[in-house]
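Some notes on the structure that comes next.
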Amino acid sequence: NNYFKLLRWASLGTLIAGVAHEIRNPLTVIRGETQRLANEVRDLPYLEGHRALLLKHIDRISTVIEKFHILAEEKEEESAAVNLNDAINAVLPLFPSAHFVLKKDLQETPPIKANFYALQEAFANFIQNAIAAMPEGAELTIHTYAEGNRAVVEFSDHGKGMADGPWLLVAFQIIREQGGDICVTSAAGKGTSFKIQF
């Protein structure tokens, strides 16, 4: 419905603002290194190293933009067999752990019937919620495992408790649409854990 679409766009805007530094930081490096390049005569090994550094940061920017583009696209509501770990690993490049500690424990889970891109969007929103709630340097744990014949993913942070924001409403709606159940544990000053079962 239109209300959910508005929420979804609001959450995407928040995601973009929240990880904008992942584009800004490499651009700063590229600009600084380019300005320094002509300060003195450079030999071939230096130029080759310089090229490798710039290409690394350009590739980083391209990856972030590509992931945002995928999240922002209108998706067809097609379901297929999905591996939770693949969906998590696909969205993690948006959130390199420069400002938080990522603890990833991805175990084998049974495949689920879901929309792969919708799951990416939901998982990105859960991660953004955790980042918004945590101080710099805090730990975010992402844990997947099988529980009987169900696939489970848990997002746990050590922040101030659940942050307010459209991303959580969007994430909850997507998980329900994909047939998942959510259990939330949150305490002020101790953090929040989302357990999602499919």
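The values are calculated or read from the model by the stated rules, or taken from the named source; none is laboratory data. Not measured: the values here are computed from a predicted model. Every residue, glycine among them, receives a Cβ derived from its backbone with ideal geometry; neighbour counts consider all protein chains shown. When the accessible area is computed, the model is the full protein with side chains, heavy atoms only, and any ligands, DNA or RNA have been set aside. Shrake-Rupley method; radii C 1.70, N 1.55, O 1.52, S 1.80 Å.
Accessible area of TYR117, 1.4 Å probe, to the nearest 10 Å²?
110 Å²
Assuming R0 = 30 Å, can you tell me the calculated FRET efficiency for the pair ASP105 and LEU54, based on Cβ-Cβ distance, to the nearest 0.05?
0.30
Extending each Cα 7 Å along its Cβ direction at ILE65 and CYS183, get the distance between those two points in nm, one decimal.
4.4 nm
Would you please put 120-133, 171-184 in order of how densely packed they are, using the mean number of other Cβ atoms within 10 angstrom per residue and starting with the highest?
So the peptides 120-133, 171-184, ranked by packing, come out 120-133, 171-184.
Just subtract the alpha-carbon distance of GLU33 and GLU147 from 0.36 nm times their residue separation and send over the number in nm, one decimal.
Result: 36.0 nm gained on full extension.
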